[in-house]
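What follows is a set of notes on a single structure, which appears directly below.
The values are calculated or read from the model by the stated rules, or taken from the named source; none is laboratory data. Not measured: the values here are computed from a predicted model. Please note: Cβ atoms are built from the backbone with ideal geometry, for glycine as well, and neighbour counts cover all protein chains shown.
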Amino acid sequence: MNSIRAKIGEGGRVIIPSAFRQHLHLKIGDEIIIHLKDEEIYITTPYHALKQLQTRVKNYSNATGSSFSLVDDLIQSRRVEAGKENER
């Protein structure tokens, strides 16, 4: 179940084969995420996309190789930006 040929229908619609929908637990009305990368179209679920991002963030490290908190880094960046805005 790696690939299947399909046709683009009216309005650019593509039907996701039932085996794929069942594997991803997709139902009518469910949201999906579609993105383009290197001339390929990828379709995923919001749940799977979130899991991928959580894995990336969990394993994030700075240039020296030591782990640090992205949240703390974001807060510090926002404080610096706010300080610059207050100076204007």
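Residues that are modelled with pLDDT of 90 or more, of a type in the set (A, V, I, L, M) and surrounded by 10 or more Cβ atoms within 10 Å (Cβ to Cβ) within the range 33-66 comprise ILE33, ILE43, ALA49, LEU50, listed in sequence order.
Among the residues here, ASP30 does not qualify as among the acidic types (Asp, Glu), surrounded by 11 or more Cβ atoms within 10 Å (Cβ to Cβ) and at pLDDT below 85. Considering the conditions (1) at pLDDT below 85; (2) over 22 Å from the mean Cα position of the chain (by Cα), GLU81 is excluded by exactly one of them, (1).
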